[in-house]
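Notes follow once the structure below has been shown.
The values are calculated or read from the model by the stated rules, or taken from the named source; none is laboratory data. Here the structure is a predicted model, which is why all the values come from computation and not from measurement. So basically every Cβ, Gly included, is an ideal-geometry build from the backbone, and we count neighbours across all protein chains shown. The accessibility values were calculated without ligands, DNA or RNA, using every heavy atom of the protein model including side chains. Shrake-Rupley method; radii C 1.70, N 1.55, O 1.52, S 1.80 Å.
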Amino acid sequence: MQPSNVRVVRFVIALGMTAPAVTAQQFTRNTTSVPANAGNYTENVDFADIDNDGDWDAAFANGGDQAQLQNAIWVNQGFLQGGTLGTLLDATAARAPVILDQSRDIEFVDFDADGDVDIYVSNTAQLVNQGNKWWTNMGGAQGGSAGFYQDQTATRWVGLGAAGSSIAVTQLIAGSFIDFSCDCDFGDLDNDGDIDLVHSSYGFGLQGNVPTRLFLNDGSGHFQEFNPSGFQLAGRDISNGNPGIWCAGAQLHNTTNTTGVNCDVAASPLDIDVGDIDGDLDLDILHGSRNELPRMFVNRLVENAGVLTYFRDVTGSAFPAGYSTNQGHYEQEMGDFDGDGDLDIYGLNWLVGANFDDASFRNNGAGVYAAGVVLTGSGSDDNEADFFDYDLDGDLDVFVANFSGQDRIYTGNGAGTLSLAAGLLPVDGTISLDADCCDVDSDGDYDVIVANDLTLANSNEWYLQNGTTANDTSAPVLRRLEQAPNRNTSATPTVVRVQVYDNAPYYITWYNVTALEVTVNGGPVTTYPMKPSMGQIFRGTIPGSLAGTISYRAVSTDKYGNTGVTTNLNYVATAPGVFASFCAGDGLLADHTTACPCANNGAVGNGCANSVNASGANLVATGTAAGDNVVLNGSGMPLVVSCIYLQGDGLSDQTFGDGVRCAGGSLIRLRTKNNVAGASSFPDSVETITLSARGGVTVGSGLRRYYQTYYRNSAAGFCPPETFNVTNGWTIDW
């Protein structure tokens, strides 16, 4: 992923290093199951299941700074192809667009949410002006065959250079914009259910003056810049004092300010990562930088009531003093290598002095990192690191692709210590620019494919096959399931998120079958799927129409059938508007215990009997709370007497004249009315005030109120010596 031409001198020096002693190798180089791929200046490899057949395919970014080349696609010959699992054939000619460019990164992502993985290609304009590319998988919504790609760059960008875009019109080119992009990453930045883009740029000549930009997905795979500042650059670069585009504050290179006064969105990133560092379930940005200090930006969704308004630069508070030195910080990875449920950092070449030392940084759970621990044997010039579990003991290990020759593996102990493991890999003299890990041959362990540069003659991509006889038996670990608030029912679903950690690379964990298991009032379980938001976050929705006590938990199952679950959480969903009649004098409803005086029960659903109506008086609510047009209608009362409409904010259960009063708490007298022929209503047709306004409640608040109507009985009384009574009650959830 790094510019190969800027480090040749260091590579030649490193060739004189003594290779580590070779013992029994767990990984062997398999040359028969992959294509011979010499001559591609390969910068990056990525895995995905492009044809949805259950095995892992691969794509390669070719060219870099050296040449205009076509990117490659390798298809696994198992399952759909009916061949041997783990044998990869070059299918570039049939499946990839015929485009020659200088590609630095290739990312699989389902950007149009149709169930198959599309591709985003990051290109550099270091030698020839060009922009990044969108390749659409022609399966799914496209109606073609899954795993075949078409370039749709011109139609996937929206509003480049237009109002609201930070991109100067002079930078537009061929449906894209001129850029120097080495790595881009994806995630649901605004928690709306689709995948957005973090587009990094290292700038012309690695000068670090071109800003990183964010682009939001419209849900169907069209991307428009997120630029709440509204500022548009005059040209290619951003200057100190300019607005931070998507980050709070004014641009200031290398700032340590964390209050939102300043930020630095322009550096020389060769890698960028997205994940939830502070446990609030939204996605933050770890922003690498080759020549400057790596940076951290936190998402402010939670602080802004779930609305994406800006990010904040917290570099000065997230990292300890001296966390990175000098230049040459080529990459970093996030993963929970100490097993405490947050994202730690592997900082590759973050401590550059006499050596190019890698260091591990542990998260305290709130997105603040402890001092780095230098990793033994990491002093040579490394290029890429990936977390995986090579020995299947359930914790994360690290594969390091080395620019200077010998790749390495560090073994994790699950408690935060990473130790150099000797003798696991074959002797290596290549220039490794990237490595990705997955179970290529579907035998239960994690293999590696290494992308190599062309500078040396032996530049084929290396397939390192894991020879363990074990199988992955470690269940995913789910943390921080989001608590849904109590709510009224509506068409809007309840959205909940959860963190999912597994002993696999994050891009493999995204394929875990993850779902919400939901019950309503203790009934049967219904399953609703969750989708990866990227990072370690999965997002699911529960239908908003469900009413009652909703109990839910998250469940995640990996490819090998290992399943992890959360504990159950609950919330109450109440149907808005008229809820139910209650407090009937017939004694048939179990919502009160006080009996009608003199055992004079009324009819089913009515109040207690009165002097003119053995069935008792009745209260019915019509209309809807949502429409704020609820009317309380009383009937069955004695003729030509006044009645009072009451509202309570709590329950009571006591004899009240000839009836039982169930509306309690703080009582409000809404209105005194005269009835006609034993009936009245409030509000009536001549009233200008609504029930909610008189009762002091807000529509949509979810507040429950209790209503009854008090009325005078006959002068002689019905249950002597009392002379008043009440209707049944009615509850309304506003």
Qualifying positions in region 354-398 - touching a Ser or Thr at 6+ places or on another chain (Cβ under 6 Å) and assigned to a loop (DSSP other than H, G, I, E, B) = S380, D381, G394
Is it true that some residue in region 622-634 is closer than 14 Å to C719 by Cβ and touching a residue at least 60 places away in the same chain (Cβ under 8 Å)?
-> no
Out of (1) within 18 Å of G602 (Cβ to Cβ); (2) open to solvent by 60 Å² or more (accessible area, probe 1.4 Å), the odd one out for G659 is which?
-> (2)
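Show me the strands (runs of 3 or more DSSP E) found entirely inside region 399-515 where at least 1 residues are farther than 17 Å from D382 by Cα.
Once the strands (runs of 3 or more DSSP E) in region 399-515 are filtered for at least 1 residues that are farther than 17 Å from D382 by Cα, what remains is 408-412, 432-438, 447-452, 462-466, 477-479, 494-501.
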Which is under 30 Å from W734 (Cβ atoms), among the acidic types (D, E) and either crowded, with 21+ Cβ neighbours inside 10 Å or in contact with a Lys or Arg (Cβ under 8 Å, 6 or more places away or on another chain) (or both), of E461, E482, E517?
-> E482
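This table checks each residue for (1) surrounded by fewer than 19 Cβ atoms within 10 Å (Cβ to Cβ); (2) hydrophobic (A, V, I, L, M, F, W, C); (3) assigned to a strand (DSSP E or B).
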{"residue": "F231", "(1), (2), (3)": "yes, yes, no"}
{"residue": "G241", "(1), (2), (3)": "yes, no, no"}
{"residue": "A266", "(1), (2), (3)": "no, yes, no"}
{"residue": "R290", "(1), (2), (3)": "no, no, no"}
{"residue": "F297", "(1), (2), (3)": "no, yes, yes"}
Residue set G372, G405; condition touching a residue at least 40 places away in the same chain (Cβ under 8 Å), open to solvent by 10 Å² or more (accessible area, probe 1.4 Å) and touching a strand residue (DSSP E or B) at 6+ places or on another chain (Cβ under 9 Å); output residue G372
The lone exception for T309 - which of (1) open to solvent by less than 10 Å² (accessible area, probe 1.4 Å); (2) touching a helix residue (DSSP H, G or I) at 6+ places or on another chain (Cβ under 9 Å); (3) of a type in the set (S, T, Y) it fails = (1)
List, please: which pairs have Cβ atoms under 7 Å, are six or more places apart or on different chains, and start with a residue in region 153-167 that is more than 23 Å from W135 (Cα to Cα) and end with one that is of a type in the set (F, W, Y)?
-> S166/F231
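Can you say whether V261 is among the hydrophobic types (A, V, I, L, M, F, W, C) and open to solvent by 30 Å² or more (accessible area, probe 1.4 Å), as far as the supplied structure shows? Talk me through it step by step, then tell me what you get.
Values: among the hydrophobic types (A, V, I, L, M, F, W, C): yes; open to solvent by 30 Å² or more (accessible area, probe 1.4 Å): yes.
It is true that V261 is among the hydrophobic types (A, V, I, L, M, F, W, C) and open to solvent by 30 Å² or more (accessible area, probe 1.4 Å).
Kindly indicate the residue of region 52-71 that is among the hydrophobic types (A, V, I, L, M, F, W, C) and in contact with a strand residue (DSSP E or B) (Cβ under 8 Å, 6 or more places away or on another chain) and also surrounded by the fewest Cβ atoms within 10 Å (Cβ to Cβ) among those meeting that condition. First the steps, then the outcome.
Here is the first cut: in region 52-71, the residues among the hydrophobic types (A, V, I, L, M, F, W, C) are 56, 58-61, 67, 69.
Add one more test, that the residue is in contact with a strand residue (DSSP E or B) (Cβ under 8 Å, 6 or more places away or on another chain), and what stays is 56, 58-61, 69.
On the way: W56: 25, A58: 25, A59: 27, F60: 26, A61: 32, L69: 21.
Looking at residues that are among the hydrophobic types (A, V, I, L, M, F, W, C) and in contact with a strand residue (DSSP E or B) (Cβ under 8 Å, 6 or more places away or on another chain), I get L69.
So, in region 26-48, of the ones that are surrounded by 21 or more Cβ atoms within 10 Å (Cβ to Cβ) and among the charged types (D, E, K, R), which residue ends up farthest from S432 (Cα to Cα)? Give the steps one after another, and end with the answer.
Start the filter on region 26-48 by keeping residues that are surrounded by 21 or more Cβ atoms within 10 Å (Cβ to Cβ), which leaves 27, 34, 40-48.
Cutting the leftovers down to among the charged types (D, E, K, R) gives us 43, 46.
On the way: E43: 9, D46: 14 Å.
Filtering first and then ranking leaves D46.
Being among the small types (G, A, S) and either surrounded by 18 or more Cβ atoms within 10 Å (Cβ to Cβ) or closer than 23 Å to F60 by Cβ (or both) is the filter here; which residues of region 114-164 pass it?
Just the residues of region 114-164 that are among the small types (G, A, S), to begin with: 115, 122, 125, 131, 139-141, 143-147, 154, 159, 161-164.
S122, A125, G131, G139, G140, G144, S145, A146, G147 - these are the residues of region 114-164 that are among the small types (G, A, S) and either surrounded by 18 or more Cβ atoms within 10 Å (Cβ to Cβ) or closer than 23 Å to F60 by Cβ (or both).
Quick check on region 74-81. Is at least one of its residues of a type in the set (V, I, T), over 24 Å from the mean Cα position of the chain (by Cα), within 29 Å of D196 (Cα to Cα) and not in a loop (DSSP other than H, G, I, E, B)? Steps first, answer last, please.
Here is the first cut: in region 74-81, the residues of a type in the set (V, I, T) are 75.
Applying the additional criterion that residues be over 24 Å from the mean Cα position of the chain (by Cα) yields 75.
Remaining after also requiring within 29 Å of D196 (Cα to Cα): 75.
Checking the rest, the ones that are also not in a loop (DSSP other than H, G, I, E, B) come to 75.
Checked against the condition, which is being of a type in the set (V, I, T), over 24 Å from the mean Cα position of the chain (by Cα), within 29 Å of D196 (Cα to Cα) and not in a loop (DSSP other than H, G, I, E, B), region 74-81 yields at least one hit.
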